[in-house]
Structures are given as C-alpha cells and as structure tokens.
1. Of all DSSP beta bridges in segment 112-163, what percent run antiparallel (nearest 5)?
2. What FRET efficiency do you get for LEU94 and ARG478 if R0 is 56 Å and r is their Cβ-Cβ distance, rounded to the nearest 0.05?
3. Please give the length that would be gained between ILE58 and ASP250 if that part of the chain were fully extended, namely 0.36 nm times their separation in residues minus their C-alpha to C-alpha distance (nm, one decimal).
4. For the residue pair GLU628 and THR190, what label-to-label distance in nm results when each label sits 7 Å from Cα along the Cα-to-beta-carbon direction?
5. With n ≥ 4 as the cut-off for DSSP H runs, can you work out [θ] at 222 nm for the chain, using -39500 (n - 2.57) per run divided by the number of residues, rounded to the nearest 500?
6. What's the FRET efficiency of LEU109 with GLU222 using the Cβ-Cβ distance as r and R₀ = 25 Å, to the nearest 0.05?
7. Using a ≥ b ≥ c from the Cα gyration tensor of segment 180-251 (square roots of the eigenvalues), is it rounded, prolate or oblate, where a/c under 1.5 gives rounded and otherwise the larger of a/b and b/c decides, a/b for prolate?
8. In nm, to one decimal, how far is the modelled label at THR46 from the one at GLU420, with both set 7 Å along Cα→Cβ?
Amino acid sequence: MKNTVLTFSVFALMVLGCKDATQVETANSESNESVFTVAEVSEGSTSNLVVDLADTGIKIQPTMYGIFYEDINFAADGGLYAELIKNRSFEFPLPKMGWEEPNSVRYSLNEESGFSKITNYVDPQGGNRRYSHTVVHNDEKYELFNNGFRGIGVKKDDQYNLSLLLANAEGVEQLNVALVDTLGTVLASTEIIPDAKDWKTYEAVFIPNKAEAKARLKITFEGNGTIDMDMISLFPKDTWKGRKNGLRKDLVELLDGLNPGFLRFPGGCIVEGRTLAQRYQWQNTVGPVIERELLINRWNDEFAHKPAPDYFQSFGLGFFEYFLLSEDLGASPVPILGCGMACQFNTGELVPLENLDPYVQEALDLIEFANGDVNTPWGKVRRDMGHPEPFNLKYLGIGNEQWGPEYFERYEIFAKIIGEKYPEIILVSTPGPFSNGDMFDFGWEQMRKLNVKLADEHYYKSPQWFLDNANRYDGYDRNGPKVFAGEYAAHTPGVEDGPLENNWMAALSEAAFMTGLERNADVVLMTSYAPLMAHAEGWQWAPDLIWFDNLQSYGTTNYQVQKLFANNAGTDLLRITEDGKPLIGEQALYASAVKDTEKNELILKVVNTSNVSRKLNVDIKGGSIKSEATVIGMAYEDLYATNSFQEPSKIIPTESEIKVNGERFEAEIPAQSFTIYKIGIEN
Ligand code: AHR
C-alpha cells in the first residue's frame, strides 16, 4: 500500500544570522506559502544498506560535537550563573533596577520610611563604582526588596548562601533579611548585626520552608540612621561541583549530558557589541568578581518586539569560569573575540587598521591568560584566581559573524601576529552569517587565500533546508579550510516563535543533516547547535537547545538528537551506502556509520523522515559483527510535538536489544525516526 507522505512547509526565511524584528515578521507571514513533499515511500518497503568495515582513514575528531554557549536569552545572569539577586551591586545604568522600596517616594524626604541613595565610591575599585547609602528614618516602615530575575527560584529545604557587604552603620543596629513569597509570607529569614565601620561581608544561610519560583528578597532595619550596602548576593549552595557562588547545577548537568568535544563562548553577537565600546572585552571579566565591569548585553534592546531592559552582563560568569567549565566538561575551550568590527547587523563600526593593535593585544593576552606560565602577567592572573595549570587553549575565533573585505583585512593582521607568536593556536575565521551567496563565496575565497584552518559557518533555516543539505559538504574541497558548523538550527515554519519551535520536525531534520556532517568528518571538524539555552520568561531568540525557568529545565527534542550524536560519535568514519551511493534522502532515508576503535564497536545512525515504517537489510562487508545489537531510537508521530516543562521526557530515546547475525542483519525502523545501532565487531 502506498501511504501519504511526510510534508514540510517550505520556509522562505531569509535567515541573516541575527534576525531582527522585520525579518521575524517576514518569515512568519511567508511561512505557509507552500508545502513540500519529501518522497513517496511505501509502508514497510525495504532498503538494502551496505556497511563497509574497511578503514576509510578518516577520523571523527574529538571536537566533532560541541557546545556553543552564548549569553543570549538570560543564559548567563539569570541562568547558568546561579546568582539570584539582580543588580546586586547597584551598577546597572538605572542603579535601582531590580530593587523596590514600596513605602518610599523618590521625590520626598521619606521621613516616614527611608531611602536608598545610590552613591559613587570616592575611590572605586575596577567596575565597582557605587553602593547604596541607605537612610532609615522610620525602621517600622522602610523596606527594600529585590525581585531577582523574574522572581527568585528557591527549593524547599535546600540551602542558600546569603551575603551582604556592609559599612558605616550609624543608628541602624540590625538588618532583617528574608525570602518572602508572592503574598509576603516568610520562607526563610536571618538577622544581621553590622558590627564594623569598614566594609565587611556578612553571611547567612537560608533554608526555605517551601518551594517558590517567584520569591523576593526583603530587607528591613532595626534602628533609625544610615548604613552603606553593596554586593547583596544570594546563591544556592548546591551548585555545579559544589563551588561557592558557582553555576546552576541542573543546567550544567544538561550540558554535561551532551558530552561536548568543545565549548565555544561567550557568543554570538555579544562578542562584537552593537558598538565597539560595547564589545565583549574578556580582560574585564576576570579577577575579583566584585571588580568586574558591568556591560549592557547586546540582546537587551536588540529586538524592539522583545525588549529586555534588565539584561546586563555582570560577568560573574567570565572567561575564567568559561575555561573552568570547559575543563569540567572535558571540552576544548573555543573563545571567540572581537576583531575591531562591531556587529554588522547593528552599527558595523570599524576600528581603523592603524588602531587595531589593542584588539590584537587582547587576543595575545588571552592566549597568555589561558596557557601562559604563571610568571607571565596574565598567567599570574590565572594562578591568582586558583588555576596555576594552563587551560590548554588550542582554538581561538577571530570575529564572530563578520563579512566583507574589511573583515579579512583585519583577520589577516590578527593571523600574522598571533601566528608568529603562537603558531600552535588554530584560528577560526568565518564566511559570515550566510549559508551561500556572494558574501559567503567571497568569504571562502578569502579564507582559502589566507590559508585559514577552520571556517565557522552559520545557518538558521527551515527543516526542509536541512533535509536538502544533507549532502552540503560532499562536494567541499578536501584540501581547503576545514569546517566548523558553529551555529545551526532548524526553524519550523508556521510555528509560534518560542519553545514550540523545538519540535520533532526540526529535530528530525537536524538529525538527517547531521548524518551528512558525520559522513564528511574529513571536512567538518566541529559542529554546534545554536543558541544553547533560554529562560522561558526572558528569551529573545528561539528555538534553543535547553529551556529553563527559575526552578526547572529540560532538554528539547533537538537536545536529545545532539546528545545521541555526541555520545555515539565513534572514532573512525565508515562507509554506509545503498546501491553504492550515500544515503542523503532518497526514499527519505539518511545514514552514517562510524566505528569506535576503543570499544571495537560499529555504530550506525539512520534517519527515516517518511511517515511510514521501513525495513532495513544491512549487509556488513570487510568483517563480521557480534550477535546482539543495542538499538537506541527516537520516533514520534506528531512532528509538531515538543518536550516541555510539563512533559520533559515526551520525546526521548528508548533503548532495546535485537539479535543480529554475523554479516547481515534485518531491522525495522519506525516512521519519522532517528535510530542508532551499536554492534560489537568480531576481531
Ligand atoms: O545565536 C543567535 C545569533 O545568531 C548569534 O548571536 C549570532 O552569531 C547569530 O547571528
């Protein structure tokens, strides 16, 4: 019986990398214009595949599947960085953003309550410029609240470390600090006696008596007078690896599950900044946390239809922490630095070539910070931060998503100077945000000329594009720059912008495409989905691999696909064919094969995008296999289905065993499925 076939809407999205409001609207309005039919496939039809165990000589690089960590969607402050107090040090441009004084009036002497007067330090240390000179006229009325990042998420009976920097108490004898729920009910509280004139850190532990996603921090005072306050901070004690004031554990565990070969950071467009002054300067993100200089996040006001006026970078999660995270995850660090060009979707501001030196110096300093001897200036900074051992930096990106001649003029200077001093560092360049077109071709031409080692390609496209491009790298020059597929994601047409975009259609098309990445492991050395994570109440860009709120997090269908590829990457590429040809979508089948030499295991990945189940006859050439195979599979009937906070495990892999037979096996794969077969190889 012939069956109806899977359809994908063609998405006319001109994804220009940084999509802006106009682009989003255009995309949505065009989304359902036409419908594409994948292939006519008969239910239960059989495909005869041949897997050749002979060595292809092509290694799957340990960096093949990695993570692109981008500070977008409140992924750092309000996300991975576990600080629960927003604007803890009053450094936001609106210094009381995040804070509330319900019984105080700005235009009043507040004789009946009190007021926090934001005051500049006489002698500021680094980025710590201000504190609150808090005046309490009536200690029974004055209250100061912090609202956290869309509330403060706390769990019942967990421990939370509170700390406050206080000085110069006069008349104020005690601070009562509490966590309260939305009705004002106290969840945990403590009393602090300010007993020193000089700045001193006071600490306490909160153990909330119930869970609350939208708690607030409430500070009241005993005694009328004044007190200076700064760095009011609250962290869960249970962070990743139990590090004090560290990273949110559930989120890092999700990252760890991806078994990443590399960690690219910290973005994305934030690297470039809307203007050069607002670019990411890594050297301002290391050293004592309190002194790190606050910077506006480029996503704060990027999309007029998605304003995030409270989105700033405190840099509690700075370059030292990113390197440490890479180390924890066993991932090669891949920092990306600005190259003297502000984001070309924004100002495109250029530093004159004559003035490029400080930018190049930032790159040289970073290499020294990561790898340098502890007696070098930046190596010493690393040591003083507690990591005398080098971070083994091997890769460095110059520019995020730049294009045009101005980029290559600058890249060339970086490459020359860095190459002379640190020839071992592999630089990443880019043909820009486009997957094709004149700028893309120009970029590749330049990269070939400049003998670039790694080219960072980006594509945010429709699921159909991903299916059509499973053979994208088959024709790439084997002797040119290698590919870092550094940002990609399928954007499903006609779906509401947000978590619903992380549906099975998108994930399945990415799986199909990824078999093409793997089949071309001699050209494609690094790959990463983008963006990585998003706060459900504070995001700017979707789809994203991981969604979280103040208490929960889940991996999307796309996350599950990435996880399967990365945890079954193998070490050596093998050939898998049907009728002597690679499987790139004819009959809606896509496949790749690798061998894990350590485990002496064959790993097959097969994607069926049709809506009917299929039979596979798999012939093994050049050796034989053991009699049992582990089958790991994901399938779902509704292509628009997603995982969610309510159903985080709706679409996840299942595992089973099947009997196989020496040189041949038969299997059935479900409709709309991604299946992995792992089979021991006979010696
Ligand atoms: O991942 C979202 C954005 O997409 C990145 O910041 C940028 O590099 C690309 O345009």
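The values are calculated or read from the model by the stated rules, or taken from the named source; none is laboratory data. As the structure is a prediction and not an experimental result, all values here were calculated from the model. Cβ coordinates were reconstructed from backbone atoms using ideal geometry, including for glycine residues, and neighbour counts include every protein chain displayed. Accessible surface is based on the protein model in full, side chains and every heavy atom, while ligands, DNA and RNA are left aside. Shrake-Rupley method; radii C 1.70, N 1.55, O 1.52, S 1.80 Å.
1. On the way: 8 of 9 bridges.
Antiparallel bridges make up about 90 percent of those DSSP assigns within segment 112-163.
2. So, using R0 = 56 Å, E works out to roughly 0.55.
3. Values: separation 192, 0.36 × 192 = 69.12 nm, distance 3.59 nm.
Between ILE58 and ASP250, full extension yields an extra 65.5 nm.
4. Between GLU628 and THR190, the label points sit 5.2 nm apart.
5. About -5000 deg cm²/dmol.
6. 0.75
7. oblate
8. Reported label-point gap for THR46 and GLU420 is 6.7 nm.
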